Amino acid sequence: MKVSWKCLNVRWTPCTAILFGICLFKLIYWEVLLLLLTAFGTFQSFGLLFWPQGIKPDFTSHLIPYDGCFYLSISDAGYHAGARECAFYPLWPLIIRWGSHLAGEGGLLTGLLLSNVFSAAAWLMFYRIAAERCGAAAAAWGVVLLATFPGSLFYQFLYSESLFFLLLMALCLALDNHHYRLAAALAFLLPLTRPIGAFCFVPILWQAVTVSPPKWLERWPSALALLTGTASANHGKATWQRWLPALTPFFGWLFYLYLMWCWTGHPLDGFVAQRYWGVHSIRNLWSVPTFVIGWLTPTTWHAYRGSLLDRSAFMILILCLPLAWRIDKRLIPWMYVLGVIPAMSGTFTSYTRFASLIFPMFLALGILVASPGRRWLGYCLLIAFTAIHVTLAWRYVNFKWAG
């Protein structure tokens, strides 16, 4: 029996095709993963994790190692003063809790469903943003490379990457379409999701300046050309709303401190809890020698520290910088905030996972491989990304370090 798309009344647009591909990718991903776990899953490395006392492993434990366990714990029991869970930011576990109450399901199932729905929506938004800047072919390649990138395995699990990337893509769309009040609300939520969200005021402010440069910049045509690509200012409709999204990340960060004060009795408990992990520190942001030495001294192909894979992901970012500059100068601050700051603050720890959020990098890669003469490079990257992604995903669900 033949089925015609016309009988289903489906308008087969590029966005529809991308959405269909994303959903198919996730469906196959989970079918294969669950089948392999049923047949070959192991609990050999289970005891290496910081699991709550008295909990024995079962099949669902494969789906919540590492950070997933902590997010689920926070969604169930909240924060406690001095606990290591305080290092994790609250919006994602709160959404899991609210979703569980609404759906009447457990936090694990609700969180996994929300993570996959959020990431699918975010990838579709990324396609729209990329297509407007560089065309449908490059945008499609960008989505494919984003979905198969090794660090993107965490878009399927109980990690905050899905929510953060969704907020990020919605923010970019709101800014591009001059919906500044919506952009301000989205920017407010970023620091409640991940620590890097507090730094997002930098690219937002850069975009506000480039859209409507201040009149005083006309005195320095070279600086104006550097920011906007033109030596003449286009003031447009300058309103206070244009600058509002650049301010709200600061207020979101203050609200995060207030919440931690209410929940634990100390507003800086989240920063104090970083001592349990011994990696990330804001002091590393101005310790350039530490950063350079860490970059040049990998110790293993992939581990919590000294990962060659994490440093290789940073090299991809560096190689994409010139192309991103040519595409749109406004992408460079995003690459700095999303790519350079996490690399410096944690000396590349978990960098492959953090790199999955650097949307300008995938936009640049999409443009690079979209031309017919470079398709071979696109297929090489696709094969390499997929092979490493599969390896890390299998390590993750079997309680070994993946990112």
Cα centroid of segment 344-403 to Cα centroid of segment 160-194, whole Å:
23
Tabulate in residue order the Karplus-calculated ³J(HN,Hα) for segment 267-282, using 6.51 cos²θ - 1.76 cosθ + 1.60 with θ = phi - 60°, rounded to whole Hz; enter x for Gly and Pro.
x, 9, 4, x, 6, 5, 5, 5, 5, 5, 9, x, 10, 6, 8, 5
Which whole-number percent gives the relative contact order of the chain, counting Cα pairs below 8 Å spaced six or more residues apart?
21
Counting only pairs 8 or more residues apart or on different chains, how many lysine pairs in the chain have their Cα atoms under 26 Å apart?
7
Classify segment 271-384: rounded, prolate or oblate, from the alpha-carbon gyration tensor (a ≥ b ≥ c, eigenvalue square roots; a/c under 1.5 rounded; otherwise prolate if a/b is larger than b/c)?
prolate
Sort 271-280, 64-73 for me by packing, meaning the mean count of neighbouring Cβ atoms within 10 Å per residue, highest on top.
64-73, 271-280
Once every DSSP H run of n ≥ 4 in the chain is given -39500 (n - 2.57) and the sum is divided by its residues, what mean residue ellipticity at 222 nm do you get, rounded to the nearest 500 deg cm²/dmol?
-20000 deg cm²/dmol
Per its Cα gyration tensor (rounded if a/c is under 1.5, else prolate when a/b beats b/c, else oblate), the chain is best filed as rounded
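Which of the helices in the chain meet the span-like rule: DSSP H, Cα axial reach of 24 Å or more, Kyte-Doolittle mean at least 1.0? Let's see the in-between values first.
Working: long enough: 14-40 (38 Å, 1.93); 107-134 (39 Å, 1.04); 240-264 (36 Å, 0.54); 308-327 (29 Å, 1.56); 375-397 (33 Å, 1.08).
What comes out of the filter, once short or polar helices are dropped, is 14-40, 107-134, 308-327, 375-397.
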Choice from ALA355, ALA185, ALA17 with maximal GNM fluctuation in the chain (Cα, 10 Å cutoff)
ALA17
Cα-Cα pairs above 19 Å in segment 88-175: how many percent?
43
Assign one of three labels to segment 329-403, namely rounded, prolate or oblate, based on the Cα gyration tensor with a ≥ b ≥ c the square roots of its eigenvalues; rounded applies when a/c is under 1.5, prolate when it is not and a/b is larger than b/c, and oblate otherwise.
oblate
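Return a whole-number percent for the relative contact order of segment 256-384, with Cα pairs under 8 Å and 6 or more residues apart as the contact set.
Values: 130 pairs, mean separation 28.9, N = 129.
Relative contact order comes out at 22 percent.
Every number in this text was worked out from the coordinates using simple rules, so none of it is lab data. If you're wondering where the values come from, they're calculated on a predicted model, not measured in any experiment. Glycine gets a Cβ as well: all are built from the backbone with ideal geometry, and neighbour counts include every protein chain shown.
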